[in-house]
Each structure stands twice: as C-alpha cells, then as structure tokens.
Amino acid sequence: MRLKGEFQGQEWQAEAQLIKGQLWVHINGRTLTVEPEKKSTRRGGAKNKSGDIVAPMPGKVTKLLKQKGDSVAAGEAVLVMEAMKMEYTLKADIGGRVEELQCSVGEQVSLGKMLVKISASAETAGIKA
Amino acid sequence: VRKFKRIAIANRGEVAVRIIHACEELGIETVLLHSEADVGTRAYRMATKKICIGPAPTAQSYLNIAANIDGARAGGAEAIHPGFGFLSENADFAEACERAGLVFIGPSPRATRTLGDKVSCKALAKKLGVPLVPGYEGDDQSVETLISEAEKIGFPVIVKAAAGGGGRGMKVLRSKEEARELIESAQREGQSAFGSPKVFLEKYLEKAKHIEFQIFGDCTGRVIHLFDRECSVQRRHQKIIEEALSPSLTPDLRRKMGEVATSLATHANYRGAGTVEFLLQDDSFYFLEVNTRLQVEHPVTELVMGVDLVKAQILTAQGDPVFPETQLLAPRGHSIECRLYAENSFLGGVPSTGLLGEVKFPEGPGRRYEYGFEAGDEISSYYDPMIAKVIVWDENRRRAIEKMKKVLQETVIFGVHTNIPYLLEILSHPEFVQGTMTTRFIDTYFSQPLQEPTLSELEKAVVATAQRSVRSVETGGGSAATEFPSPWLTYWRGI
C-alpha cells in the first residue's frame, strides 16, 4: 500500500506491505524490513559467530568434509551446499572439534537448519580469551 | 521460407517472457514447456499453451531432452526456442529436435559442437591464428593430471566445466594446496548443471576485462557482428552488470576483435545469434569462448544497435533474411543492464527465497524491464536466483549510469531481498564510473557483505507509520487476502 505523511515539515511517500508477518517498507530508494514480533528494525540479519553452522539458505548438502570428532581450524571448510545451481562452501567460524553432524549428504535442508555443531577446543578458546 | 504457427519454449523465467513477446509480435502462438514448480510465473500466464514436462529438479524437466521433445509435439509446435542456459547449447538436443521434425531455433548441431565445446572451439581458433590464453584441454581428466597441468601453466589457474557457461563450474586455483578441492567441486558442478564433469584449465588473467562480440549468421550463410559488450563486473564468474558498447576499446581493437569474431563464426557456418567472448589485458586480447545461443545481456545490444535479436532468430529459422544491407547497423548512445538477483546484499549475497510481494518498476524514457515473476509468485530455490533484468539507454555512458541509479532506487520489490543496494554501490564506485574495472573488480572492492546502514530519523518515523497502517488494514477484515494473493502456497506445502 502507498503511504504518505509529513516528518519535520518534509513530505514523504512510501510503499509498505506485510508479507507473512514481515513488514516491507520502501522509502527514498531503500527497502527496509521489520520483524513485527520483536519490534526491532533491521536490514538483512546478524551473522552467526558461534560454533554452530546453520544453513544460510535452503538447498542441498552435497559434501561433508569433516566427520564427527574431527578437529577444525577457524575458517576451514566443513561442508558444501548447493542452492540455485551454485555451490557454497560453509566454513567454521571458530576452531575446535566437530561435536555433532545434524545433516547428511543429499539432504534437502531449509533456511536456518542446524547442520554442524563445533565445540571450541581448549587451546582455541584460550587464544580467543 | 515457411511461417511458424506455433513455437515451443524450452525455458523459464524472464527469457521465456522475452520469447513470448517476440512470438506474439510476429503473430506466432507459444507452448511453454514448464516444470511442476513453474506454474506461478509470468510466462505461464502469458503462453498460448502450457505443457508440464516434469518435476522441479532440472534434470527431470528443463534438462530432460525427451520430455521437452514430447511436450513440444504434444503442444503442436513446429519449432523450439531454447532460450539460454539449460539445453540451449546442447547439440544432442538440437539433433533430437531435427529427428522429431521440429526446427531448433539456433545454430546447426554441427556448429554448436564445433564452437560450443570449448575444447574443439579452441582448436579452430588456433588454426585461424586467434590469440588464446595458455591452458590445458586434454582428455585425461584425472585430478592428478589436472593438478600437474595447473602447475605447468602456473598459478593462478582457472578451472572450467567444458560444457558449461554462466559461471557455474568455474573456480580459480591459487595454489597447489587448494587445487584438489576446487577441481573436484568444478567437476561436481559441471555434472549437476550440464550433465558432464569434463573440465579444462586456463591461465587466470588477474586484471583482464571481459569483452564480447554479438555475432549473427543469417539464413543465407552471411555472418555479421553487432558490435561489443563489456561484462567485467562479475562475481564468482557470474555477470552482474553488462553494457554496450565497451568503454575500453580503441577503434583499432574494436575492428580487429570484430574481424576475429566474424571469422570464427563464418568458419563454423554459424546460423543465428551467438557471442564470441574475449579477455582484454594491456591492450592485448585473448579469445575465450563462443556461446552458441542468445545471451542474457542481449538487450543492451538491442538498444544500442536498434535490432530485435529474438525476432531475428525466429525469422532466420523460418528462412527469412534479416539485417539487409540497407539497414543501418551503427551503435548509438550507451546501454547498461543490471541483473536483479534474489539475495541479501547485507549477508554476502546468500539467496533469498519466498513469496514475492509488490513489484513496481518506474516508468520513463529509455528503460526496459525483463521479468519472469510478479506479485504473488513464489521465488524457489530450485533455479538460479535472477528474478529480473533492468536495462537503460541514454546518449552516453555517464548519463546511462545516472539513469540506472535513479531507476534502481525507485524500483520496489517486496517479499525477497534483492541485490539492488549492492548494484547501487557498484554503480557509484569510481573505477566503474571511469570504466576501468576488470574482472577482479568485485573481488577487490566488494568481497565483504555490505555494511547495514543505520536508519535515519525519517525512516524510523515512516516505519512506525507503516506498522500502524498495515495493522489497521489487517484488522479491517478481508483485505489482507486481496493484498497477498498466494494461490501456490498450498501447492508448495504439498511438496
């Protein structure tokens, strides 16, 4: 829907629409999205910096490069996903040990699904602290 | 000369719409060969007839030769337009069409084999004395051989799917250590996207520009070129912004490269639309590959040259001559295309899927919008993330850039995130504005996700108003359903 208003003496026009609970607003060349339940305004989202690797998009797991118990360095590739015909390599944010694999090769996963849990190793944790 | 009554379209999205437009204008009916997932698309709503050729995965639908041929025949089509991607560069498909009595709108299977297979194409180029980038294109495809050949060429080396295109199955190898993982990944991508794991290697030029020439062979065997495009703005070897003409060519280089492009196509008896790609570095050009099909970025050539390439393809397949000597084929002004991808610019470009809300493209002179989805359509993760193309024309490059920025700012797309914020940053970057960008441009300046800008006081106030207004509409009763038409939502839940 089209919205009009005035802010500090300045007239504005915007487009707004609620889609599946998310509010979309276009104003002055920018598109903003708002999650109504949290009442917080954001553009995009926050990047996960923990030992959890979650699916950044819906797609298919095509390769697991680490097994349960393997040690991983921060930035090392852990698994490969395919979405929209492109491959995406998911890397560990922290160094440590693979604690749990919650997906398998060939599995179709949804956005945000937990794929791999990595527990920070003592030495990495030490360096970080 | 024959006149087609009905043409089948073996494609989807915005290119299917582009072909339907050309057919409608020529008085030809269309049969859309679509997957189960693509009933909620603009092409589906526009085509005269629609035939479902299989489930969503491309191997079972858009890449399935038998299903496409059967669909075209069942739909009563006389010819098939393959668009780009999918089966467009597949000579087996072109042959299967011929066997089934269908006209394949494109080059002959033989020309496709000679030019489309990057390995045999290089052999022809070598014979004609065309400058090539050093590389390996042997039949020994073991990872060990590929690694040792890469070492011989000298890192960085690029690995590419032999049957590929569009950036899929391409990786840059910077050292021996990472070579194995990336070669295997390119082989897998080649297998999944094109049905062949075959790859070849090439020296990776670090500061090259991507320049390509539009070629066209008419039904009499005459081949001409329709000047050049520059597509140096690429990410993961996928083009993002294209323009015509290239801001980088001197008249002398333009003449020489145009001659090489025409000569390659002439030697392969090329028919229809095709593109000869080059890399340009330090005023030397290297032949890269030929795409034996219509290009995603064909509209920029159409706008500066005053031609309709899709109609020309169809007319050529009918046996009608196109681009007569009396037609002035000279470039005028400047045209830029931006590919709109459904992705989140603030999360490093991860794909964004979902129900498409409102879509509004601003009207005005010198703008063209090619899109395959409209409000209420679902953007799924089955296919590539390009949801639309925005093309502008103006008298010169500087004005075309300014027009593009204005148009992108005024474009409204709700429901999925788009790369518009990212495109706006690129269009304002000094290197792009000067026209000196290379294929490393994105890696050099845009490798990190965009910083989320803070909201202005005005934006906060508008958001607050929108929250109140939208809520009041929702509670107003019944209007929510008309605002978000979603006929396919239940269908999707069933998958």
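The values are calculated or read from the model by the stated rules, or taken from the named source; none is laboratory data. Remember, it's a predicted structure, so these values are computed and weren't measured experimentally. Cβ placement follows ideal geometry from the backbone for every residue including glycine, while neighbour counts extend to all protein chains displayed.
Scanning the stretch A:86-97 finds no residues that are in a loop (DSSP other than H, G, I, E, B) and modelled with pLDDT of 90 or more. Inspect all residues belonging to the stretch B:189-202 and state whether any of them is within 25 Å of B:ALA91 (Cα to Cα), without any contact (Cβ under 8 Å) to a residue 12 or more places away in the chain and surrounded by fewer than 18 Cβ atoms within 10 Å (Cβ to Cβ). Yes, because at least one residue in the stretch B:189-202 is within 25 Å of B:ALA91 (Cα to Cα), without any contact (Cβ under 8 Å) to a residue 12 or more places away in the chain and surrounded by fewer than 18 Cβ atoms within 10 Å (Cβ to Cβ).
More than 14 Å from chain A (Cβ to nearest Cβ) and either closer than 27 Å to B:ILE336 by Cβ or hydrophobic (A, V, I, L, M, F, W, C) (or both): is that true of B:LYS209 in this structure? Judged against the criteria, B:LYS209 is a match.
For the stretch B:191-202, the candidate set comprises residues that are out of contact with any Phe, Trp or Tyr (no Cβ under 9 Å at 6 or more places or on another chain) and away from chain A (no Cβ under 11 Å); within that set, the residue that is farthest from B:ASN64 (Cα to Cα) is B:VAL199.
Okay, residues lined up against (1) at pLDDT 95 or above; (2) surrounded by fewer than 18 Cβ atoms within 10 Å (Cβ to Cβ); (3) touching a strand residue (DSSP E or B) at 6+ places or on another chain (Cβ under 8 Å); (4) in a loop (DSSP other than H, G, I, E, B):
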site	(1), (2), (3), (4)
B:ARG2	no, yes, no, yes
B:ALA8	yes, no, yes, no
B:VAL17	yes, no, yes, no
B:ILE20	yes, no, yes, no
B:LEU33	yes, no, yes, no
B:ARG45	yes, yes, no, no
B:LYS50	yes, no, yes, no
B:ILE53	yes, no, yes, no
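The sole residue among B:THR326, B:THR316 that is away from chain A (no Cβ under 14 Å), assigned to a loop (DSSP other than H, G, I, E, B) and farther than 23 Å from B:ASP384 by Cα is B:THR326. Checking each residue in the stretch B:55-86 for being part of a loop (DSSP other than H, G, I, E, B) and either within 14 Å of chain A (Cβ to nearest Cβ) or buried (at least 24 other Cβ atoms within 10 Å of the Cβ) (or both) picks out B:PRO55, B:ALA56, B:PRO57, B:SER61, B:TYR62, B:LEU63, B:ALA77, B:PRO82, B:GLY83, B:PHE84, B:GLY85, B:PHE86. Identify all residues within the stretch B:241-270 that are surrounded by fewer than 23 Cβ atoms within 10 Å (Cβ to Cβ) and touching a residue at least 60 places away in the same chain (Cβ under 8 Å); write none if there are none. If the condition is that a residue be surrounded by fewer than 23 Cβ atoms within 10 Å (Cβ to Cβ) and touching a residue at least 60 places away in the same chain (Cβ under 8 Å), then B:LEU245, B:PRO247, B:SER248, B:VAL260, B:SER263, B:HIS267, B:ASN269 are the ones that fit. Please tell me if B:TYR369 is among the aromatic types (Phe, Trp, Tyr), under 21 Å from the mean Cα position of the chain (by Cα) and within 14 Å of chain A (Cβ to nearest Cβ). Criteria not met by B:TYR369. Summed over the stretch B:432-455, the residues that are under 20 Å from A:THR31 (Cβ atoms) and either touching a strand residue (DSSP E or B) at 6+ places or on another chain (Cβ under 9 Å) or β-branched (Val, Ile, Thr) (or both) give a count of 6.
Yes/no matrix, rows are residues, columns are (1) at pLDDT 90 or above; (2) among the β-branched types (Val, Ile, Thr); (3) not in a strand (DSSP E or B):
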| residue | (1), (2), (3) |
| --- | --- |
| B:VAL159 | yes, yes, no |
| B:GLY166 | no, no, yes |
| B:GLY169 | no, no, yes |
| B:LEU182 | yes, no, yes |
| B:ALA186 | yes, no, yes |
| B:SER196 | no, no, yes |
| B:GLU202 | no, no, no |
| B:SER246 | yes, no, yes |
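When B:GLY357, B:GLY376 are screened for being within 8 Å of another protein chain (Cβ to nearest Cβ), of a type in the set (Gly, Ala, Ser), outside any strand (DSSP E or B) and in contact (Cβ under 8 Å) with a residue 24 or more places away in the chain, only B:GLY357 passes. Residue by residue through the stretch B:88-132, note down the ones that are free of Cβ contacts under 8 Å to residues at least 24 places away in the same chain, assigned to a loop (DSSP other than H, G, I, E, B) and charged (D, E, K, R). None; the set is empty. Search the stretch A:8-35 for residues that are more than 8 Å from chain B (Cβ to nearest Cβ) and pair each with any residue that is of a type outside the set (Asp, Glu) and surrounded by 16 or more Cβ atoms within 10 Å (Cβ to Cβ) when their beta-carbon atoms are under 6 Å apart and the residues are at least 6 apart or on different chains. Short answer, once both residue conditions are applied: A:GLN22/A:THR33. Taken together, the residues in the stretch B:332-347 that are assigned to a strand (DSSP E or B), under 25 Å from B:ALA244 (Cα atoms) and not acidic (Asp, Glu) amount to 8. When the residues of the stretch B:391-425 are filtered to those that are of a type outside the set (Phe, Trp, Tyr), within 21 Å of the chain's Cα centre (by Cα) and more than 14 Å from every other protein chain (Cβ to nearest Cβ), the one that is surrounded by the most Cβ atoms within 10 Å (Cβ to Cβ) is B:VAL392.
Within the stretch B:453-471, residues that are facing another protein chain (nearest Cβ under 7 Å) reach partners that are in a helix (DSSP H, G or I) with beta carbons closer than 8 Å, at six or more positions or on different chains, in the pairs B:LEU455/B:VAL463.
Screening the stretch B:472-485 for residues that are more than 9 Å from chain A (Cβ to nearest Cβ) and surrounded by 11 or more Cβ atoms within 10 Å (Cβ to Cβ) and picking the one that is modelled with the lowest pLDDT gives B:PRO485.
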